[in-house]
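The values are calculated or read from the model by the stated rules, or taken from the named source; none is laboratory data. Because the structure is a prediction, the values reported are computed rather than measured. Here the Cβ positions follow ideal geometry from the backbone for every residue, glycine too, while neighbour counts run over all protein chains shown. Protein only, heavy atoms only, side chains kept; ligands, DNA and RNA dropped before computing areas. Shrake-Rupley method; radii C 1.70, N 1.55, O 1.52, S 1.80 Å.
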Amino acid sequence: MAIEARRTSNTLHINMGPQHPSTHGVLRLELELDGEVVVSCKPVIGYLHTGIEKTFEAKSYLHGLTLTDRMDYLNPMGNNLAYCLSIEKLFDCEIPERATVGRVLLAELTRINSHLVFVGTAGFDLGASSVFLYCLREREKLLDLFEWLTGQRMMTSFIRPGGLASDFEPEWLTACEAFLDEMPKNIDEYESLLTNNPLFKERMIGVGILKPEDAIAWGVSGPPLRASGVAQDLRKTNPYLGYETYDFDAIVADGGDCYSRYKVRVAELREAVKIAKQALKRMPGGSVRTSNRKVMPPPREELGTSMESLIHHFKLFTEGIKPPAGEAYVPVESPRGELGFYIVSDGSGKPVRVHERAPTFANVQAIPLMARGALVADLIAVIASMDPVMGEVDR
């Protein structure tokens, strides 16, 4: 593909992507090179545009939930959660404690799923292929758990407005606990292969440095922001789902380079395991669905005895839920940073506007700052360390 910008020197202008194995999706970088040194870098997006935000306007709120899974294939239940929290804010809806704790458990399992893919692919991109296989081994176990619970391995749509789609089986909770018990030694195994690997460190340390003031100025969030020394974790600074009652650390590093971003995510794997085990331990009894019949359908056993429940059931499945007119935004800490859905309701069964604050969209904009002055080969490490998912960039 030709680049239209005029040459101003003897530098070389080339494209990296949009089809390139290390860009983790259809991301194109326009590069200006002086030999092997990057003079400038310009991210070009739009190759995966799906029109998802516009599609929301033609869907009911519940049908729109299935779109959120597809925006970030590594964080489907985290996207479900952010979408549902905004809808529930419009309703001012109270969620049962079992559903709240269950959401924390599922959000942290999803974070483990996402960070496993990061650790595996970051090593793979830099030539350490064994760790990729080990990380995918644990990820398969997680996807098996998701399939057991929801019927789907990836696009689960399990966290619903008003609670969860169904309750946890005791056997599933036991299997989940066994998985979490094994994770610390598995993380030790990944670290034994990567953390002190001299070739891995050579490719990561001092590469792609992002200064804290630049990270803030460009709206970077999540592990890339914390790796630059900024202690911003929404689970600590703007707690939701009762995160303030869990014992965990917000991981912060001060290097700002690719290695710091790797170290932050590995440490967050351990913290996610710690939080998920606390959620399992405190899992209360009761329902996982709100008693607000304008949000969740009544249980089947009520339909034969209550005319009011029968009417609610009929209206929910023929007209959908209808949040009061207004607007809402509730951010959550996704594996990639601040994620939230800004939803505008006019009181009908379909949203007027749904806009996603996607962390990758902002994080990708900071790549030129990290690439300038680096070698072309360093771009592989820079992109890997940002852990982009392009589905949430091109909406």
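Some notes on this structure:
- The requirement of being touching a residue at least 40 places away in the same chain (Cβ under 8 Å), among the small types (Gly, Ala, Ser) and in contact with a Cys (Cβ under 9 Å, 6 or more places away or on another chain) is fulfilled nowhere in the range 279-292; no residue meets it.
- Evaluating Glu32 against the criteria (1) open to solvent by 10 Å² or more (accessible area, probe 1.4 Å); (2) assigned to a helix (DSSP H, G or I); (3) touching a strand residue (DSSP E or B) at 6+ places or on another chain (Cβ under 7 Å); (4) not β-branched (Val, Ile, Thr) leaves one unmet condition, (2).
- Count - residues of the range 68-98 that are outside any helix (DSSP H, G or I) and open to solvent by less than 10 Å² (accessible area, probe 1.4 Å): 3
- Hits in the range 110-124 - residues which are open to solvent by less than 40 Å² (accessible area, probe 1.4 Å), touching a helix residue (DSSP H, G or I) at 6+ places or on another chain (Cβ under 6 Å) and not polar (S, T, N, Q): Arg111, Ile112, His115, Leu116, Phe118, Val119, Gly120, Ala122, Gly123
- Residues that are open to solvent by 70 Å² or more (accessible area, probe 1.4 Å), without any contact (Cβ under 8 Å) to a residue 40 or more places away in the chain and under 25 Å from Arg357 (Cα atoms) occur in the range 190-213; there is at least one.
- Pairs, first without any contact (Cβ under 8 Å) to a residue 12 or more places away in the chain and over 11 Å from Asp394 (Cα atoms) in the range 36-48, second of a type outside the set (Lys, Arg) and surrounded by fewer than 15 Cβ atoms within 10 Å (Cβ to Cβ), C-beta under 8 Å, six or more apart: none
- For the range 151-167, the set of residues classified as open to solvent by 10 Å² or more (accessible area, probe 1.4 Å), more than 18 Å from Asn75 (Cα to Cα) and not acidic (Asp, Glu) consists of Ser166 only.
- Yes/no for His20 being more than 30 Å from Pro351 (Cα to Cα), modelled with pLDDT under 80 and surrounded by 13 or more Cβ atoms within 10 Å (Cβ to Cβ): yes
- Subset tally (residues that are surrounded by 19 or more Cβ atoms within 10 Å (Cβ to Cβ) and outside any helix (DSSP H, G or I)) for the range 226-245: 6
- Top-ranked residue in the range 296-319 [being in contact with a Ser or Thr (Cβ under 9 Å, 6 or more places away or on another chain) and within 17 Å of Ser166 (Cα to Cα); ranked as surrounded by the fewest Cβ atoms within 10 Å (Cβ to Cβ)]: Pro299
- Here Glu53 meets the list (1) among the charged types (D, E, K, R); (2) open to solvent by 30 Å² or more (accessible area, probe 1.4 Å); (3) in contact with a strand residue (DSSP E or B) (Cβ under 8 Å, 6 or more places away or on another chain) almost entirely, failing just condition (2).
- Test for Arg226: is it of a type outside the set (A, V, I, L, M, F, W, C) and within 22 Å of Leu106 (Cβ to Cβ): no
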